Structure formats: C-alpha cells, structure tokens
Amino acid sequence: MYKSLIMVLVFLSLASAASTGIIAGIVTDTGGIPLVGATVSIEGTPYGTMTTSSGEYVIPSLDPGEYILVARMVGRNTSRVEGVTVEANNTSRIDFTLAIDASGSTVIRVIESRTHILRDVPATAYQLDLSEIRTMTGSRIVDVVASQPGVVQQNGELHVRGGRAGEVDYVLDGVSLRSPMDNRFNFDIPMSAISGATLMTGGLSIEYGNALSGVVDLVGKEGGERFEAMITGRYGDMTSSMIASAEQIFMENRDVDQCRTGLRNVEFSLSGPGLSSIGLEVSGKTSFSFTGQFSTSGEDNLDTRGNWSYNWINDGSGIAKIGYRPSPGTNISVSVLGSYSEHGWNQWAWSNYERLSFVEGHMLLPGSEDFALPAMFSQTTGLLTNLSQLLGEKTSLNVSIASVLHQNWNRIYDENGGFIGEDCDPLFWLTQYFPPALLEDSLGFYYYGLHNNVWHDSKASVSTLNTEVDYNPNPRLRFKAGIQGAYYDLYHYNMYYVSPGNSYLSLWDAYPHSGVAYAQSSYRFSGGVITTLGIRGDYFDANTTVFNSEQGMEADVKAKTHISPRFSFSVPFSERSLFFATYGHYFQIPTMNSLYMSTSYSTGSDRVIAGNPDLDPEVTTLFEVGIRQELDRFTDLGLSFYSKDITGLVSTENHSEGQYYVFSNDDSHGNVIGLETSLSRMPGSNVSGQLYYTLSIAKGRYSSMLERYNYAQYGVVYVSKEDNYLDWDQTHQAGATISLTSFQGQGPEFAGLRLFENSSLSLSWRYGSGMPYSLPPVESELIETNTMRRPFTMQTDLSFSRGFNAGRGRFKLMLAVYNLFNRKNIEHIYDTGLFHNTGDPEGPAGNPRAWSPARHFLMSAVLSW
C-alpha cells in the first residue's frame, strides 16, 4: 500500500525584523566611570560601533547565533568576550571594564548566555535547546512543543494554557506557517533546518498577532564560514504529536494514533560559504544552507499493539536558504521551502473491510481499503524575499514581501486509475454520482461501499508585505514600529455523500484582506528595571456581503478593527532574581471556514452549517506575574501565575428549528487561570534537565465551535447557561527530564578505553490528571457538560546515545524506548455511558484507539562533519 511520494520544495522564506537581535551594554573603567570613544566590534564580521558620551554602545540587526565581542581603547586593556549568544527579537547585554594597561588583554567566556537573555523577557518563554534535539530520536518540532509546561494534548490537538486548538502560531523567520482556513500547522520542518526555537506562552511582543495562546518562534539555519554537513537515519516506531483538527465541517472523525509505526526516515543538511567557495568573485559575502527529510511509515497497517491501523504516512520537506551581504549594513536573504504529505484515513469502522464477511445472509468478498477510503494530501509552498538595511549605527529597516500557498485535499483512488470524480463539476455529484450503497453491521463496521467523504479541496494563498523600523539610540531605549498588509485568495470545495438526493456539497471562494500597524517602546531604568509599552491596531475586511433582514437585500460586511494595548515590566530584586508582570490584549480572526463555509453554493436536505463573514475577532485578555531566579550559570527557577479571559469564541446558532445553523460568537467565551513552576538546567554540564508542575482550570461556554451542532444531530438542544470545564481541562500536570552526559575524555576507563565518553542517558516522565467527559444526555435539553473525569495518564521514556569522534567528523548512535513501563493510558472514550458503567473506553466496537501506544523503540544514526 505504498503511495508514490512527491517532494515539493517551492517556498521562499525571509528573515524578518522579528528574526534579528541586538548586543548592547556599557564600557567603563575600573572605577565605574563611562569611557567615551571605546570601540566595540564583533570579531570576524564588519559589525561594530563606538561608545557614546555615557559609555554606552548598541550593535543592532544581528542574525541569531554565537559571536565573539571585542572592546578596545587606546591606552587600555583589550577585552574579548567569547560565546555571546544573540536570540531573535531580544537584547544581549554585555558590559565591559577596561583597565589602564596598553599591553594587557582580558578573555571572558560566556557560558549559556541564553539564560541571561531570557531573564530580561517580562513574560513566560521556554527556550528550546536544539543542540541535541536536531539529532534526537524525535524529529518534529510539535513533539518538542507538546512536552513543554502548560501544553495539553487531546485528540491529536495541542492546547496551550487552556486555549482551544489552533490558537498557537508557528512562525519561521517571521513568517506564519499556519493555514488560515482552519489554523492548522502542516509543515513538518526538518529539525536540522532550525538554529533556534522559543515557545512563548505569556505576553507576546507587539509584532505578534492573530494568536491567542502563544507563538512558536523558529529561526532558520544559515550557512557559516566553513562547510558543514549532516545525515540522519531513523528506523522503528516513533511517538508523534499528530496535529489533526477535530473541528472539520462535514468530515467524519478519524481515529488519532499517537505513533508512527515502521518509520523509515532520512534527514540531511549541508551549509557553508557561498559563491566565493567555488571560485566565483562576488563583492560582499554569500552563504547557503540546505536541509531536507523524507519518511514513510505504517505500511503494514498495524499499530504497536498489533491492531488494524490505516495510519500510513508518506511525507517530505525541505528548506534552502541563501544569504547575501553586499555591504556591512545590508543583508538580503532568500529561502526556498516546501512540504508534502500523504496520509491514510484511519477509522476503526473500516477495519473489517478486507475480510470475508456475511451481512444479512449475503457473502461479501474482501475489498481493498485503498479504493474505499480517502487519502489525505497536504502541501505548503510559497515565495518570499527580505531586505534588511542599517540606516546609520542606531536604526535598521526591514522590508519583506511573501506569498505562501497552503493546500489540503482528499481523494479516493479509482481502481481504473486516477481519482473518483476527477475533472467533474458539482452537478456530477448531485445527478450522476451513485456509488455502491454502504453495508454495515450492527456494531457499525463497514464491509462494502465507498467512504462518504469522497472529495475535498482547500486552498489558501496568502500574500504579505511587512515593513519595520527598529531604532536603538542607546542601550537603555529601544523603539520599533511597523506596518503589515495581507491579501487572501481562498477556495473551498467539499463533497460529503449520504444518499441519492441527500448530500452536502459546499463550494466557495473569497478574497479578504487585512492590515496591521504597531509601535512598541522599551526602556531600561537605572537598577535594571525594564518597561515595555506597545499598541497594535488590526484591520480585517471580509470583502463580501451578507443578507440584511432589515433592508431585505445583500449588504457589505463591515470591516473589523481591534486595538490591542500591551504593557509589561520587569524588576530585578537581586543580582540573579527578577520579578515581571505583563498585561495585554491578543486577538485572532476566526478560521476562514467559519467565515465563508457554504456562503457561495451549498446543498443538503437539513442541518446545513453556514459561515458568517460578520463574525467578530476572538479576543484574549491576559494578565501574568512571575519571578525568575538564576541559581547558577546553568540553572533557572521560574514561577508564574496567569489569568486569561477569552471572548468571541465561535459556536453554532440554531435557525429555522434546526434546518440550518450559522456560526456565531455572541455568547461563547472562556476563562483560564493557572500556575506554572519549573526548574530548568541547560545543557553544558554533566547533568541537565527540567522539572515542572502546572495547575490550570479552564472553563468556558462551549469546548468547540461545533459542539452545539454535534449534539443537535442526536436531537439534543445544548443550552449552556453557565461555564463548564472545557474538554482539555487538565488540572494538574507534572513532568521531569534528567539527562546524564559524559563528554570527551570522561567516564570510567576499561583497558585503556573510555566506553561511555561522548554519551548521554536521558529519562523523561510526564503526568497528567484526568480530563473531563460528559455522560450521554437523558433529556432533549442539555444544561451541563463535562461533569465526570477520566483516570490520570502517565508515561516514561528512555533514550541513550553514544558519539564517536573521527577528525572533523562525528558519528552518533541513539536508541529511544517510548512508554518504558508499557502503561495503558486512556486517550479517548468512544462511549461515555459504557465507560461510566464498565470502565471500558473502547465502545461497543472495541476501538483500540482508546488506548495510548504500547512500548515501542526507535533507532537513529547521525553522521556529521
């Protein structure tokens, strides 16, 4: 059942303003008096500046990475600081003290300066260290995000700090990779293509919009001064956080299997200097970086417990990035990236389709699932470019133009070649499509016929223009302002067949546009107090009409605007301790599906869902306070409390006594309060890891935008008169990861050999209290939901790696054991009434997807040089 794999690499990505950082500080003599005219430069680059009359300096618009900083002044020591880390959208503060000694010099090594950078950020942000993640047994950024504090995984979706799925944006070099149709993130980024990653779940900087719960900020890798290459191979079964939205309109629910069985994956990367390395003379400096990955899994249609699972996946992705610096103050970057995947439709009701069976006294020969179930395709492509220009020593200008295309489509393969319904217009589905009738038994297993989700097309082209000015007059003050514009070209075509004359066909296109203007100022007072004040104005025009009942005619939808103020401050109360507080408004445009579904053309006998282009933005008001304590150069302790009030969440509204439903967000809201504490020890010593605990209470009127509609399909009117626990409310979370690392020349010696040098042993444990569920309604009107709780979940994973050095090359072997103690956690309840009475979550059909994957193993090998 192997499908041909097509690799698509057509997407140009930029390094926007949010992808650069700053180095700033003050130069003084041994008595603390500022030195005027001292030179501070970055070794090996053209970047540098001189100190002002107050002894301060600023070096702006630096690419993320590690640098060597040098301070000089005639008649004084030269001070050289190694290992200065620059993070995207952050300031690295390095102060110098120069003594009077013309012949002397000082060398300082900064270890894990990321810790010090994040201490100044007045919000909760988790720096995801990628030094080992790039070559670890897991290969997806979403797997790393899913393991962070405050992140809950439920039915294949990630919920951050109590928010709905789809409220987290994934941004690569300043470009969002979510599809606006349903806010899904479908791009499987090769880990070796990422040089830095940060999960921000608290107060977001002003340039981040259209996200309610957080942002995963990714920085793409750039080529360096020398060539580097790496190739990684993976084989086995891998736990994976599948990002699959359960809120698909006129789509049958698929079963979520959190494991890719029989995985075969190859990932590779190559980077280095550009044209000059091959003998071509070019003024300025060029560089390149290329990464890619291919994988396949699930070919035997079995899960980790030996049950049927149509969860096969074939995918590929890649990123190529070219940089050009014609002069010290000018940086041009162009990237190409693309992702393609093909998935099987995993639905337990079809598990007997290939078996000989008898239904109603008739013998049915085995069929082929490959020609009965839809195959799901996903592709992301685009074209982008970026220009970053220094305007003097204190100001940088960043301009970018981008066009990104997100595509998702489902097809059923035709035994005669091609796909069923290929090249047919909507009239074909309504008048000429008569598939074999579905035959099922009393438990709901299908034995004959074709799946109802016979056709689906979704395309979203997003063209953007971004301009930002970043002004840094001194190390104390930073001001940035920008404007953004976006134009959307949207298309949706979906066919859900029920029976002749009773099908749901939706066909629409739309061309909305949006604009943003923002400004933010940060100031560092004496004593280290930092205040940040920003304001953001968003504009969205649905560019369509709706029927106005008062006027009795179509009327233009009014454009939506929203002003988002954001304020934060941080106060150090000791040399290593920091208190911070943040308050802000965060908004998100509802998914384009909820705006435009069935607004152009639709069919269906009853219970049709119509989009509402007049929906207001969803808005979150966040307040957070916390403290950070640096225990040593590797270890940080953090504690924070947050409160989120969410309004404008989308739900459905009943019209014409249930004949049709319209999306609305007048009465749906949520509220989340939580406490997070974490103890983190960064890599760099023999012991590293993380220990965390979160307490969270997430309540709201409706858990999903389709909840009221779904209850109505069973004749139940859901009238929520008060807030209930949301489906993903996991009150208690705890986790611990400890890694023991032995470096070169370390470890016990046997017969002159150190068998465990360059090795690492890591143990990871995660606990979650039971999430809520609802009993089947016994009356036609439902008032309260999620009154019961599942059992808690717990999983332990183990991994071991051993590295070998050979000159400039390095070889590493790794083994991971997922679910070390083979625990069975309940992941889904298929019949809540049966579960409440018997404790069996599998339902009458015995669906094994109710349980978490069994113990499984993954092997990896990495060669780098």
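Within the range 347-429, report the trypsin sites (Lys or Arg not before Pro) that DSSP leaves as loop and that have at most 14 other Cβ atoms within 10 Å. Please list the in-between numbers first.
Values: sites: ARG355, LYS394, ARG411; in loops: ARG355, LYS394.
Sparse-neighbourhood loop trypsin sites (Lys or Arg not before Pro): ARG355.
Where a Cα-Cα gap under 23 Å defines reach, which lysines qualify for LYS480, not counting those fewer than 8 residues away within the same chain?
Candidates past the 8-residue exclusion: LYS394.
Considering only Cα-Cα distances, which of the following residue pairs are longer than 23 Å: LYS644/LYS721; LYS558/LYS721; LYS221/LYS812? Display every interim value, and only then the final one.
Values: LYS644/LYS721 20 Å; LYS558/LYS721 30 Å; LYS221/LYS812 21 Å.
Over 23 Å apart, Cα to Cα: LYS558/LYS721.
Report the normalised scattering of the chain as log10 I(q)/I(0) at q = 0.08, 0.09 Å⁻¹, calculated by the Debye formula with identical scatterers on the alpha carbons.
-0.75, -0.95
With a/c under 1.5 counting as rounded, go ahead and sort the range 369-500 into rounded, prolate or oblate using the C-alpha gyration tensor (a ≥ b ≥ c being the square roots of the eigenvalues; past the cut-off, prolate if a/b is larger than b/c, else oblate). If you can, show how the numbers build up before the last one.
On the way: a/c = 4.32, a/b = 3.42, b/c = 1.26.
Because a/c hits 1.5 or more and a/b exceeds b/c, the range 369-500 counts as prolate.
Using a 1.4 Å probe on the protein heavy atoms, what percent of the accessible area of the range 17-98 belongs to carbon and sulfur?
52
Once the Cα gyration tensor of the range 17-98 is found, what semi-axes does its equivalent ellipsoid get, as square roots of 5 times the eigenvalues, in whole Å, sorted largest first? Display every interim value, and only then the final one.
On the way: eigenvalues 97, 31, 21 Å².
Taking √(5λ) for each Cα gyration eigenvalue gives 22, 12, 10 Å.
Counting helices only, and only those DSSP H runs with n ≥ 4, report the 222 nm mean residue ellipticity of the chain as the sum of -39,500 (n - 2.57) divided by its residues, in deg cm²/dmol to the nearest 500. Let's see the in-between values first.
Numbers: 6 runs with 37 residues, N = 865.
For the chain, the value works out to -1000 deg cm²/dmol.
Take each of the peptides 830-839, 467-476, average the number of other beta-carbon atoms within 10 Å over its residues, and list them starting from the highest. All intermediate terms of the calculation are to be shown ahead of the outcome.
Numbers: 830-839: 14.0, 467-476: 19.0.
Sorting 830-839, 467-476 by mean packing, highest first, produces 467-476, 830-839.
What is the packing order of peptides 583-594, 535-546, taking the mean over residues of other C-beta atoms within 10 Å and listing the highest first? Please report the intermediate quantities before stating the final value.
Working: 583-594: 23.3, 535-546: 18.6.
Ranked by mean Cβ neighbours within 10 Å, highest first: 583-594, 535-546.
What lysines sit close enough to LYS459 to cross-link, taking a C-alpha to C-alpha distance under 24 Å and skipping anything fewer than 8 places away on the same chain?
By straight Cα distance, LYS459 reaches LYS3, LYS560.
If you roll a 1.4 Å probe over the range 125-220 with all protein chains in place, what percent of the accessible area is carbon or sulfur? Don't skip to the answer; put the middle values down first.
On the way: 790 of 1700 Å².
Ligands and nucleic acids excluded, carbon and sulfur reach 47 percent.
About its Cα centre, what dipole magnitude does the chain give when the only charges are +1 on Lys and Arg Cβ and -1 on Asp and Glu Cβ, stated in debye to the nearest 20?
Details: 58 positive and 89 negative charges, 667 e Å.
The calculated dipole for the chain is roughly 3200 debye.
Using the Cα gyration tensor of the range 125-220, with a ≥ b ≥ c the square roots of its eigenvalues, what is the shape: rounded (a/c below 1.5), prolate (a/b larger than b/c) or oblate (neither)?
Details: a/c = 1.42, a/b = 1.27, b/c = 1.11.
Note, shape of the range 125-220 comes out rounded.
To make sure I understand the rule: partners must be aspartates and glutamates, Cα under 12 Å from the Cα of LYS321, and not fewer than 8 residues away in the same chain. Which ones qualify?
Leaving aside aspartates and glutamates fewer than 8 places away in the same chain, those within reach of LYS321 are ASP173, GLU222.
Given a 1.4 angstrom probe, what's the average accessible area per residue across the chain, in square angstrom? Walk me through the numbers on the way to the answer.
Working: 35040 Å² over 865 residues.
Heavy-atom accessible area per residue stands at 41 Å².
May I ask what percent, to the nearest 5, of DSSP beta bridges between residues of the range 17-98 are antiparallel? It would help to have the intermediate numbers written out before the result.
Working: 19 of 24 bridges.
Once the DSSP bridges in the range 17-98 are tallied, antiparallel ones form about 80 percent.
The values are calculated or read from the model by the stated rules, or taken from the named source; none is laboratory data. Computed from a prediction, not measured in an experiment: that's the story for all the values here. Reconstructed Cβ throughout: ideal geometry from the backbone, glycine too, with neighbour counts over all protein chains shown. Just the protein is used for accessible areas: all its heavy atoms, side chains included, with ligands, DNA and RNA removed. Shrake-Rupley method; radii C 1.70, N 1.55, O 1.52, S 1.80 Å.
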